[in-house]
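Participant: Here it is, the structure, as C-alpha cells.
The values are calculated or read from the model by the stated rules, or taken from the named source; none is laboratory data. This one's a predicted model, so the numbers in the text were calculated from it and none came from an experiment. Neighbour counts are summed over all protein chains in view; Cβ atoms, including those assigned to glycine, are modelled from backbone coordinates with ideal geometry.
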Amino acid sequence: MSQTEKHDLRFVKNENLIRKTFREMMKENEYAKISIKVLTEKAQINRKTFYLHYPSLDHLLTSLQLELMSPALEMISKTAFPDDAEQIIQHSFEFMASLDPVDKKILSSKGHFPEGLNPPDLIREYFFRKYDRFPGYTRFETNLIITYFSVSLGVIYRQWEVDGQRIPIEEMVPLATRLILRGLDGAGLTAKQAGKTYDDRQREK
C-alpha cells in the first residue's frame, strides 16, 4: 500500500470518526453546547486533524444538513411546482418522518453563519434557484408564493411533530395539502365555525 493510499484511508477514517462522535454528542446535547475541543477529546484526535476536514463546527453541521436533505432536494428537482405541490408535500412529510431523532435534531439546529438555514429554508432557497418566476407573476410575487408554500409546510410539519404525530400520516398529508393549497377553506372551517368555542363543538358531536 502506497503512502498516498495510507493517507487517504486515514483521512476517511478520521472523517467518519468526526461525524460519528458529533452524532453521539448531539444525542445528549444541544448544538450550541458542543465545542471542537470536547469533540476532538472524545474522538481522540487533535484539533489540527479536525481542521483538515472542516474550518469550523458550523461547517460540519451544514455539511451534514445538506447531506441529510439531499434526497428531499433531489425529489423536488424531479417535480414541477405548483402542479406537483401535493406530491411535494407528501414526500416531504414521509422523508422527515423517516429520519431518526438525531437526524431531526441536526436538521433543526442552526449554526452561526448569517445564512444559517433549517429544512424549510433549504427547500425555499432551492425553489428560488429553480424558479426565477412563475408565468404571469413577477419575480417578487413568485418569491412570496414560494415562501408561503415552504414556510407553511415546515410549520405544519413541526406542529405535527410537537403533538406527537397523533394524526396518522395517511390523514395528515391530505389535511396539510388542503391547508397549504386552500387555506382555512381547505380544512372546512367556516367563519361561523371558527367563532364557536370548544364546548360548543363538543356538544354538537
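Participant: Among the residues of region 86-100 satisfying the criterion of being free of Cβ contacts under 8 Å to residues at least 12 places away in the same chain and not in a loop (DSSP other than H, G, I, E, B), which is farthest from Glu24 (Cα to Cα)?
Facilitator: Looking at the filtered set, the residue picked out is Gln87.
Participant: Output the number of residues of region 114-136 satisfying the condition of being at pLDDT 70 or above and surrounded by 15 or more Cβ atoms within 10 Å (Cβ to Cβ).
Facilitator: The number of residues fulfilling the criteria is 9.
Participant: Determine whether Thr62 is within 30 Å of Thr142 (Cβ to Cβ) and either assigned to a helix (DSSP H, G or I) or out of contact with any Pro (no Cβ under 9 Å at 6 or more places or on another chain) (or both).
Facilitator: Yes, satisfied.
Participant: Within region 147-175, can you find the residues that are farther than 13 Å from Phe93 by Cβ and touching a residue at least 40 places away in the same chain (Cβ under 8 Å)?
Facilitator: Across region 147-175, the qualifying residue is only Phe149.
Participant: Test each condition in (1) at pLDDT 90 or above; (2) farther than 30 Å from Arg182 by Cβ for Ser98 and report the one that comes out false.
Facilitator: Result: Ser98 passes all but (2).
Participant: Another one. Given (1) of a type in the set (Gly, Ala, Ser); (2) under 28 Å from Phe127 (Cβ atoms); (3) modelled with pLDDT of 95 or more, identify the lone condition not met by Ser56.
Facilitator: (3)
Participant: Next question. Every residue in region 63-110 that is crowded, with 16+ Cβ neighbours inside 10 Å, farther than 16 Å from Arg23 by Cα and small (Gly, Ala, Ser), please.
Facilitator: Passing the criteria: Ala72, Ala85, Ser92.
Participant: Which count do you get for residues in region 38-66 that are within 22 Å of Lys104 (Cβ to Cβ), in contact with a Ser or Thr (Cβ under 9 Å, 6 or more places away or on another chain) and polar (S, T, N, Q)?
Facilitator: Total satisfying the criteria: 1.
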